Each structure stands twice: as C-alpha cells, then as structure tokens.
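Remarks on the structure that follows.
Bear in mind these aren't lab numbers, they're just calculated from the coordinates by the rules spelled out. Since we're looking at a predicted model, the values are computed, not measured. Here the Cβ positions follow ideal geometry from the backbone for every residue, glycine too, while neighbour counts run over all protein chains shown.
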Amino acid sequence: MPSFRALAPGLAGVGQINVRLPDDAPEGCGIPLWVFGSTVDSQLVLISIRRGGGSCSSAPTARSARLVWNRTTTTDAGIPGGATIVSGFSASFMQGESSWLIPDRTPRIGSWMTGVGRSDYKAPRCGAYVGGNTSGGDLTIEPADGSPVLVKPVRSASGEYLFGTTLPGASIAAGTLTVSGAGGETVGPFRTSISAPPPIEILTDLRPGTLIDIGRAFTVTWRNGRAGDLVLVRLRSGHGYINPLELVYTGLAQYVPADAGTVTLPTRELLADRFALPLPPSDRFSVVITHLPGTPGVFRAPGMTFDATHTWEYEFQFLDLRLRSVPGPN
C-alpha cells in the first residue's frame with residue numbers, strides 16, 4: 001500500500017504517491033514503472049534502480065513480442081438480441097534491458113486470486129512490460145476462415161507502435177492462424193502459425209439480470225474443454241465511486257484446466273456463523289470467462305533475444321448480473 005497518496009505539497013494540480021519498491025525490483029538505468037489504479041493507470045516512466053545506491057548499470061538490450069488472436073462474446077442487457085461477437089488481433093514488439101524484459105509468468109492453477117480482474121495485486125510487484133516500444137514492420141495475418149489482412153503499425157503519441165485490427169464477427173475459429181512479419185527497425189522477418197480449437201460452451205445460465213445468491217457457493221460449468229488448455233474465470237463486483245459513471249471493481253480470478261469443465265467459488269465465514277461469497281453485493285456484477293492455451297505458441301525472429309509468444313483467446317463476458325442476498329423460505 002502507498003505510504004503517502006495526496007496532492008503534492010507546494011505544487012498545484014500535481015498528485016504524489018510514495019510507495020516502497022518490491023524486493024524483486026530489477027536493477028538498471030531504464031526500469032519502467034507505472035501504477036495500476038481502480039479505474040485508471042498512470043503513464044509509464046523510466047527510473048534508475050541500484051540496490052545500496054550509487055550509479056546505475058545498464059543490462060544488455062533484450063527483445064521479444066506477443067501476438068494475440070481474440071474472440072469476445074459479450075452478453076449485456078443493452079445489446080439488441082442479447083449478445084454480440086467481436087474478433088480481433090493485436091501485437092506488441094518489446095525492447096528493453098534484459099533485467100526487466102522477462103517472459104510472461106506461468107499461470108497459477110487452482111487457487112482464487114484477489115484483484116481488479118487482473119491478478120493478485122495485494123502489494124507492488126514486478127512483471128513484464130506490456131507496451132510495444134519497437135516495431136516488427138507490416139504484419140500479414142491469416143485467419144482460419146478468412147482472407148489475409150494487412151496490419152500496419154500506428155505510432156502513438158507516447159511513441160509506442162500499436163498493431164491491431166478488428167475482424168468480422170466469429171472469424172477467429174478452429175483452425176490454423178498465421179502471422180507473417182515483414183521486419184522492422186530491430187526485428188527481422190518471420191512467419192508463425194498456431195492451431196486453435198473450437199471454443200468451449202458455457203453451460204451456466206448467466207443471462208443479464210440473473211440473480212446470484214451471495215450466501216451460496218457459486219459454480220460455473222462448461223463443456224468441450226481440451227486437455228492442456230486453460231480456462232480463466234474472473235468475478236467482478238462493481239459499485240459506483242464519486243459518480244455513477246465511474247465504477248470501481250473488486251473481484252476474484254482463478255485458472256482451471258479446461259477439461260475439468262467446472263469451478264466453484266465456496267462461501268467463507270466472513271462474520272461469526274455467517275457465510276457468504278467474499279465479494280461485495282452489486283447490481284453490476286459480471287463473470288468473465290477466457291478459454292486459452294496452457295502453453296502459447298513460441299517463435300523467434302532475427303533480432304529477438306527471448307522467445308516471442310503467439311496465442312489465441314476465446315472470451316465470454318456476462319454483464320449486468322446481480323449479486324445479492326436471497327431470502328430463504330420462512
């Protein structure tokens with residue numbers, strides 16, 4: 001937790017946050033630092049870190065990349081017909097000191113994590129930088145059931161290279177997904193393919209307006225999960241903060257083997273002899289379920305230091321649910 005969080009003394013309109021750096025903070029002259037908030041994140045800044053003080057020492061430059069195919073099905077009370085499907089592709093080519101540009105961490109399976117729908121952020125921690133601060137050149141993507149699409153990088157105001165495109169409806173489906181890179185400033189040409197399975201089928205009734213009893217264990221079930229894949233279940237309980245348009249989310253998340261077909265969040269004894277789900281009641285409750293490979297595809301390209309990842313995700317967003325106490329029979 002921050003040791004100080006308020007307007008900076010003596011400065012107009014400037015906020016100040018004092019935090020202790022994590023014990024696993026990498027050392028170097030250009031370590032990225034940013035702060036995750038409830039509804040907004042800070043901009044990224046580069047700082048120098050050396051244990052014990054003194055001049056920093058830069059680590060060798062490293063490079064990697066992450067390519068992601070995503071298909072999202074959203075169920076929302078405000079959507080005509082009740083649901084919509086959007087497919088898309090995004091990519092990030094990353095460059096930085098090898099002391100902090102590390103491969104993604106292996107998901108922790110089988111335990112509920114607290115957070116804001118991300119992961120366990122009980123205290124400051126270190127992780128891989130997610131920004132695309134170098135370029136892989138023009139990309140050509142080939143969906144399993146569509147024609148090739150050219151994706152050009154867009155340079156943001158902060159200097160990052162943004163790769164992304166929206167694809168028709170359910171165009172990301174079972175089959176081979178291929179990406180070819182023309183090569184850019186620091187990364188050479190490459191071609192990589194992965195095989196995506198059909199998405200899982202959610203069996204639990206999570207239509208908008210569904211009332212979930214906060215006093216009972218909550219179970220989500222699905223079928224057609226392939227051995228070796230994962231399912232990430234995230235529960236988010238939102239409530240108004242400052243004004244009704246700004247929501248603060250608290251929640252839980254857990255990775256489950258896809259072929260398990262089910263996961264249950266048990267109640268806990270929050271007060272003496274009173275058991276409930278460890279979430280605040282909310283009329284803006286949501287369940288987000290993501291089907292993804294247990295091990296993403298990897299590839300190398302000229303100029304890359306670490307393996308780059310190439311992966312697919314099927315996401316199901318069930319919004320506008322209600323998490324409340326349900327009175328029992330008299």
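Could you give the size of the charge dipole of the chain about its Cα centre, using +1 on the Cβ of each K and R and -1 on the Cβ of each D and E, expressed in debye and rounded to the nearest 20?
Working: 27 positive and 26 negative charges, 96 e Å.
Roughly 460 debye for the chain.
Can you give the relative contact order of the chain as a percent, counting alpha carbon pairs under 8 Å and 6+ residues apart? List each step's numbers first, then the result.
Details: 809 pairs, mean separation 61.1, N = 330.
Relative contact order of the chain: 19 percent.
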### Query
Taking only the alpha carbons of the chain, what extent do you get along each of the three principal axes, in Å, biggest first?
70, 59, 35
### Query
Out of 280, 12, 166, whose Cα points farthest toward the positive end of the dipole of the chain (charges: +1 Lys, Arg; -1 Asp, Glu; placed on Cβ)?
12
